[in-house]
Every structure is written in C-alpha cells, then in structure tokens.
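See structure below.
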Amino acid sequence: MPARHPDTGTLPRPRPLLTQNRELKAIGVWNWSLPAWAGRLSDGRTFNTCPSAGICRHVCYARQGTYLWPVVRAKHQANLTFVLDDLPGWETAMSREVEAKKFRGAWVRVHDAGDFFSDDYLNAWQRICAAHTDIRFYAYTKEVERFRRLVEPEPPANFLWVYSYGGTQDSALDPAVDRVADVFPDEQAIIDAGWSSQEASDLLAVLGPSLVGIPANRIRAFLKTMAGRRFSQWQAEEDTHRRARRERRTGQAGASHASAA
Ligand code: SF4
C-alpha cells in the first residue's frame, strides 16, 4: 500500500485523473474509471461502486483481463479512494485537469467501470459538466432512479447518458422513451432485433439511434453464462426468480405464523 502523508494521513492522489487507451484516442475520448462493482480497498475498506448492478456483474468486462493487472487495479483504487476520502478535493482536481487545452472540444467518458454510486458523487459530476461547457461528457448507467431524480429534471446540456440493461432497476426503463443499451450475444442478434450497434464507435451509445446494441465480449466463459440471452432478457428472468423466491419465503412465513397462532 502506498505511504500516507505524515501530517494529513492521506494517501497520495492519482494524477492524471483521466486516461486514454488507443481505441478511445482514435475517437477523441478521455476516460475516468473506478474499480468495478464490489471489493476491498488496499486499506481494508469495502466498497460497491455499482449498487444497481444485476446480472451484469457475472460477466463484467471490468473484472477480468487487463483490469486485474496490479498497476491498473491500483490506479482505479486510487481514483476511488480520492473520491471517498475527499469528494470536494477530487471535484477541484478534476475541474482543474479538464481545463487543460487538450480537453477543449473533447469527450470524457465518465466510468469505464463503476457507476454513479451516490447522490453526492453524481452531483459533483453534474457541477463539473456545467462548469465546462466546451467539453462533452457521457456515461452508461444503471442508476435509473438516481438519474430520474437528480439529472433528468435539468441535465447539463453537455452531459449525455444511456441507461444500460442488466441492472436491478431494469423494470423502470421504457425503451419507447429512454435511451437504452443492451448487451447482445453478437452483432447478428443486434441486427435481428432491429437495434443499432455501437461497435464502430463508443460515442454511438449517446449520439446514434436510441436503442443501442452492444455485442458481448468474446470471452468463452461469459458467452456460456449468457446462454444466447440479451442482458435485458437475462435480468428479467433473474427478477422473476427472485420474486418467486420471495413469495415462497413470505408464504412459508405466513403459514408458520398461522400454525403458531
Ligand atoms: S455496472 Fe458495469 S462495471 Fe459495474 S458490475 Fe456491471 S458491468 Fe461491471
């Protein structure tokens, strides 16, 4: 674990905050990331950056491959530690960073992994967006209720988002009204469903047609687990099973109360 500052006790802050891989560089996008889903920081604290993740966590792209490299994990954990320990300081640092000339006219993808896990954190991003109108920000999110409440009434004009299926709030989505993204087994399945693939550019998720198809990662174990289903379909099945289990439990509890009465 990196050494804490002798006076303040804080861990060194990550710099830069935004990064860019080859794929994102080609389309002028910078990236901010947290560790995916749930885990433990190097100082022992537990976290959950995707509180509304559903079945997606079983095939999460950000919990395998290069995301597990120590240097990548350490960077994502340092990002999260900064947000958790000092949200105002992080907001100031992010605001300062995006003021650099190279970000003018650029896009920032908020979260390669992770999600808007709290109201305060989402509001901090909204303030950053509103203060930097020469940059465009976009995000995938499963935080439907939080966005309905905090963003939808008055979104910053330069903040675009797409709701992504595979979360515990899927049933609140309406594809006739909402911009939605679904993961499909492959490109052909996207075409067959009449949706539009974002494979050519991640920006199509927010700039293309509003039914956004994402082809699944070609990871054999993931494809096997998906078993030919779309995330929306798999999550709906999971929701049905969970409801049935709950009803069975409630029924059993009711029966034992009745027999004890
Ligand atoms: S919301 Fe995204 S990052 Fe979080 S567990 Fe699901 S797929 Fe992974």
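The values are calculated or read from the model by the stated rules, or taken from the named source; none is laboratory data. Remember, it's a predicted structure, so these values are computed and weren't measured experimentally. In this analysis, Cβ positions are derived from the backbone assuming ideal geometry, glycine residues included, and neighbour counts consider all displayed protein chains.
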Can you work out which of the residues in the stretch 152-190 that are part of a helix (DSSP H, G or I) and touching a residue at least 12 places away in the same chain (Cβ under 8 Å) is farthest from Q235 (Cα to Cα)? E187
Given the conditions (1) at pLDDT below 95; (2) crowded, with 16+ Cβ neighbours inside 10 Å; (3) of a type in the set (S, T, N, Q), which single one is not true for S52? (1)
Any idea which of (1) at pLDDT below 95; (2) over 25 Å from Q233 (Cβ atoms) is the one F47 doesn't satisfy? (1)
Applying the selection to the stretch 84-118, what residues are within 16 Å of the ligand (Cβ to nearest atom), of a type outside the set (A, V, I, L, M) and touching a Ser or Thr at 6+ places or on another chain (Cβ under 8 Å)? H111, D112, G114, D115, F116, F117
Boolean, D134 is surrounded by fewer than 21 Cβ atoms within 10 Å (Cβ to Cβ), away from the ligand (no atom under 16 Å from the Cβ) and under 26 Å from C60 (Cβ atoms): no
Output for the stretch 70-89, where each listed residue is over 13 Å from L34 (Cα atoms) and either under 19 Å from the mean Cα position of the chain (by Cα) or touching a residue at least 60 places away in the same chain (Cβ under 8 Å) (or both): D85, D86, L87, G89
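Scan the stretch 45-61 residue by residue and report those that are without any contact (Cβ under 8 Å) to a residue 24 or more places away in the chain and either in contact with a His (Cβ under 7 Å, 6 or more places away or on another chain) or within 7 Å of the ligand (Cβ to nearest atom) (or both).
Looking only at the stretch 45-61, we keep the residues that are without any contact (Cβ under 8 Å) to a residue 24 or more places away in the chain, and these are 46, 57.
Result: R57, single match.
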Give the residue, chosen from V180, V162, V144, V151, that is closer than 22 Å to S52 by Cβ, of a type in the set (V, I, T) and more than 14 Å from the chain's Cα centre (by Cα). V151
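Looking at this structure, is L160 more than 16 Å from the ligand (Cβ to nearest atom) and within 18 Å of D115 (Cα to Cα)?
Taking the combined requirement at face value, the residue satisfies it.
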Conditions (1) under 20 Å from the mean Cα position of the chain (by Cα); (2) crowded, with 16+ Cβ neighbours inside 10 Å: number failed by E199: (2)
For D174, indicate whether it is surrounded by 13 or more Cβ atoms within 10 Å (Cβ to Cβ) and more than 16 Å from the ligand (Cβ to nearest atom). no
